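Beneath this line is the structure, given in structure tokens, with notes to follow.
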Amino acid sequence: MHATSNAPRSRAGSDGFTLVELMIVVIVVGLLAAVALPSFIDSVRKSRRADAFAAIAAVQQAQERWRSNNANYATVLGNTAESGQPPDGLQLLGTSSGGYYTLALSSVTSTNYTVTATAVSSKSQAQDGSCQLLAVRMQGGNVDYGSGADAANWADPGKCWAK
């Protein structure tokens with residue numbers, strides 16, 4: 001007959017984490033989040049610029065359609081004509097489809113116009129640094145791209161406009 005002992009057996013390992021181990025894990029996760037989160041947010045903002053690019057491209061196409069039927073480019077995005085009158089604008093909304101940018105036309109002549117997409121101040125795109133404003137300028141058949149924090153810089157379009 002074997003004698004069984006009711007004495008507790010010692011274990012070689014433990015059943016859980018020590019407080020020091022847990023704190024090390026928390027610190028490592030915190031450091032990874034501190035490095036990764038800003039980079040992730042910047043990537044999201046960069047991808048949301050496509051909303052402005054698409055809206056500007058829609059305005060450019062509408063302007064060319066307008067110009068093919070009229071002697072000059074349209075001066076308004078929407079329609080300001082009274083009911084029953086032909087449209088006097090491009091029939092476009094003043095915001096991008098995702099709602100991250102507002103659109104505006106300026107410097108409109110028979111051969112020139114500028115379309116600007118400005119980040120909506122209540123959205124995250126307003127924190128997009130020098131890419132808060134994206135613009136395209138048509139001048140006599142030549143297209144220029146610009147961007148900036150509050151005014152278009154036409155000298156360095158590659159910063160915000162990926163080629």
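Things to note:
- Total residues in region 120-147, condition within 16 Å of the chain's Cα centre (by Cα) and at positive phi: 1
- Within region 148-160, considering residues that are free of Cβ contacts under 8 Å to residues at least 40 places away in the same chain and within 14 Å of the chain's Cα centre (by Cα), the one nearest to residue 108 (Cα to Cα): 148
Just so you know, all these numbers are worked out from the coordinates, no wet-lab data involved. These numbers were taken from a predicted model, which means no experiment stands behind them. Backbone-built Cβ (ideal geometry, glycine too); neighbour counts: all protein chains shown.
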